[in-house]
Amino acid sequence: MPSVEQSGARRADLVLEGGGVRGIGLVGAAGVLSEAGYSFPRIAGTSAGAIVGAVAAALQVAGRPLSELQTLMRSVDYRRFKDESFLESHLGAAGEIGELLLHMGIAKGDYLVEWLGGVLADLGVETFADLAITPGDDPGSGLPPDHRYRLVVCVSDLSRGALVRLPWDADYYGIDPGAMRVVDAVRASMSIPFFFRPVRVKTPQGTVTWVDGGLLSNFPVTIFDRTDGGSPRWPTWGVKLSARPASVQVDHPVDNDAELAVACLTTLLSGWDRYHLDDGHVTERTIFVDAGSVSSTDFGITPAQQDQLFVAGRNAATKFLAGQTAAGAR
C-alpha cells in the first residue's frame, strides 16, 4: 500500500457530491486532477460521490492509476439499478406501490452491491481496514485513530435524525469500523428515499434506518477541515455536480401535493444553503460541474449523455486548475 506521504508530490483531499447517474461528471474531474499529478490521501463522498470515491480510494491502495476509474465506471449498467422485483415486473405501477408499502423503496439496490463489491474485491479491498491510514503511512498525521481512513461515506440516519460518517461513526452503532464492509456503507449512502429500499441496521439499542446521505450532507466539503487552528498540509477540493449558482435564481412554482413532495425531497438533497456557496472560502475550492438537464435517477442515460457529463467534469477541473495556477502566480 503506498503511503500518504509518498503517494505523490501533489496532494489534495477530495470531496465528491452525490448526484445519481450524473456521477460520471465526478470521474471526469478526478481524472484531470490525477493527470496533473495529484493524489488523494482522503476522499469523502455521498451517494454517487461515495461510489466514485470508493473506487478511486481502492485504486490508489492497489497502486493502480486513476486513469482506470473511467473504464471501471463505464462498466456500470445503469438500467440495472432499477432491479425490478417480482411485483414490479408483473404488476407495473401497482407493483411499485406494493414495494413502497412493503419495503419503503421501489428498487432493491442489489446491483450496486454486486457490481461495486466485485470491483473492490478485484482491487483487494473489502472492509474499511483495507483503507486504513496507519502511522507508518502518514507519520505527520494529527488525526485521531478513528478518523484514519482513506474514505469517508456520508449517510443519513432517519431513526436518530443524524448525519453518519462511516467508518468514523460506526462505533456509535456497535459496529467495528475496520470490519465494516465498504460496499455496505456505500449502499446505505445511495439509498435515495422512496426509490431505493433503505438500509436497516441492528444496534445494541434497536434497529435504525439509514438512507441517502444527501438528506443531511450532499456536499460535505468541510469534512476534512482542521479544528485545531493549524494550517492544512494540503488543500481539500470539492467536486459539485451543478453549475455555480447564478445571482438570480429561477423560481419553480409548487402547485399540488405531488409537486410539494418532490420539491421537499429535492430541497433536502440539494443542500445549497448548507454550504453557503456565496462564501469565497467554499467556492475557491469547489469544482462546479454543469450536469445540464440530466436527472439523478435517469437510469436510462445514453452513452452520449455520459460522454457529455464526463467532458463537463474534465472541462470544469481544467478551468479550476488554471485558476489555482493563476492565483499562485499572483
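Please treat every number below as a calculation from the coordinates, not as lab data. Computed from a prediction, not measured in an experiment: that's the story for all the values here. Cβ sites come from the backbone with ideal geometry, for glycine too, and all protein chains shown count toward neighbours.
Annotations
- Multiplying the residue separation of residue 202 and residue 295 by 0.36 nm and removing their Cα-Cα distance gives an extension gain of 30.2 nm.
- Virtual spin-label span in nm between residue 158 and residue 71, 7 Å along Cα→Cβ: 4.0
- Counting Cα-Cα pairs of the stretch 111-183 in 5 Å increments starting at 0 gives whole-percent bin shares of 3, 16, 23, 22, 19, 12, 5, 1.
- In this structure, residue 307 and residue 181 have a Cβ-Cβ separation that, at R0 = 25 Å, corresponds to a calculated FRET efficiency of about 0.20.
- Label-point separation, residue 35 to residue 143 (7 Å along Cα→Cβ), nm: 2.8
- Taken about its Cα centre, the stretch 119-194 carries a charge dipole of roughly 240 debye when the Cβ of each Lys and Arg holds +1 and the Cβ of each Asp and Glu holds -1.
- Using the Cβ-Cβ distance between residue 79 and residue 209 with R0 set to 22 Å, the FRET efficiency from 1/(1 + (r/R0)^6) comes to roughly 0.25.
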